[in-house]
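Note sheet for the following structure.
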Amino acid sequence: MLVQQPREFLRTVYAQPFALPAFNVCNMEMAKAVIEAAVAEQAPVIVQTYPGDLAHAAFGSDLGPLPVLIRAMATEAPVPVILHLDHGPGLEFNLRCLRAGYNSVMYDGHDLPLEEALAETALIARAAHGLNASVEGELGTFGGGQGSFDLTNPDEAPLMFERGHVDMLAVSVGSEHGQASRLDLDLLAAINAKAQGPLVIHGGSGVHEDDVRAAVRMGVVKINIGAALSRAWCQGSREALEAGEDHYGVLGRAMDRVREVARHRLQLMGASGR
């Protein structure tokens with residue numbers, strides 16, 4: 001089922017505590033495998049798309065069919081599903097995704113001065129909250145596609161909740177897009193103490209599992225998983241091709257590997273059975 005009140009839902013997760021893996025998907029089969037994993041684990045799940053993945057499937061300026069397909073599967077699923085925009089650039093793009101049925105969006109204002117980022121985030125939050133959608137803000141950067149790697153200043157974290165009106169905040173505490181990493185748990189604890197709100201970890205594929213378990217106890221409600229899912233998809237496809245299977249075999253084996261990764265991450269973050 002598509003979560004109708006994601007803001008309340010996230011506050012419930014924050015109070016438990018456990019965390020939701022947020023899986024970046026780039027096609028229908030990957031999204032279906034993630035939702036099937038959540039059903040098998042009886043777990044809520046976040047399915048998210050990156051702007052580049054939307055562009056890959058789209059024609060012209062339209063968002064394309066991917067969010068329509070995910071939303072349809074989420075509506076039919078017997079577990080709670082949040083459809084989230086990852087690293088949404090600017091007001092216009094976030095609004096387009098909200099109009100397309102996303103019930104959660106992230107505004108990526110990492111390249112703006114703090115005051116401008118707060119103002120822009122608040123504008124997006126006002127629109128999203130009017131549609132019962134949740135908003136993720138960001139302080140710090142995570143390397144990879146963002147280029148730079150800057151840790152979050154704990155003193156700035158409360159501002160995103162108080163003035164940016166976010167429902168959850170992505171913080172940089174050592175994780176890096178596409179890389180193995182260890183978290184600075186002391187920094188995360190300091191941010192959690194000041195923020196007093198739900199936190200998000202990006203670059204979660206390579207984070208040490210002990211740190212994942214610790215982060216869940218420090219206010220983290222969402223951990224992004226992208227690279228691990230992509231690697232699983234490619235591994236399954238490669239296995240099927242080497243075995244001489246047809247296109248159904250390739251898609252099936254790739255989906256099997258994605259389901260395995262998704263189920264493990266749901267278990268690791270304590271979402272199974274929730």
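With contacts taken as Cα pairs under 8 Å at a separation of at least 6 residues, segment 1-154 carries a relative contact order of 21 percent.
Accessible surface for residue 50 stands near 100 Å², nearest 10, in the context of the full protein assembly shown (1.4 Å probe). Each Cα pair under 8 Å and six or more residues apart adds its separation to the average, and for segment 132-270 the resulting relative contact order is 18 percent. Within the shell defined by Cβ-Cβ distances under 13 Å, the residues around residue 163 carry a net charge of -4, with Lys and Arg each +1 and Asp and Glu each -1. Between 0 and 90 degrees, the angle of helix 6-15 with respect to the longest Cα principal axis of the chain falls at about 80 degrees. Taking the 1.4 Å solvent-accessible surface of segment 180-236 as the whole, the part contributed by carbon and sulfur is 49%. Each residue of segment 97-107 is assigned a 3J(HN,Hα), and the resulting list reads 5, 4, 5, 7, x, 5, 9, 7, 9, 10, 9 Hz, derived from the Karplus form 6.51 cos²θ - 1.76 cosθ + 1.60 (θ = phi - 60°), x at Gly and Pro.
Put +1 on the Cβ of every Lys and Arg and -1 on every Asp and Glu Cβ in the chain; which of 129, 206, 3 then has its Cα farthest towards the positive end of the dipole? Ranked along the dipole, the leading option is 3.
The residues of segment 202-274 expose, per residue, 44 Å² of accessible area to a 1.4 Å probe.
The values are calculated or read from the model by the stated rules, or taken from the named source; none is laboratory data. Being a predicted model, the structure only gives us computed values, none of them experimental. Using ideal geometry, Cβ is built from the backbone for each residue, glycine included, and neighbour counts are taken over all protein chains shown. Heavy atoms of the whole protein, side chains included, go into the accessibility calculation; ligands, DNA and RNA do not. Shrake-Rupley method; radii C 1.70, N 1.55, O 1.52, S 1.80 Å.
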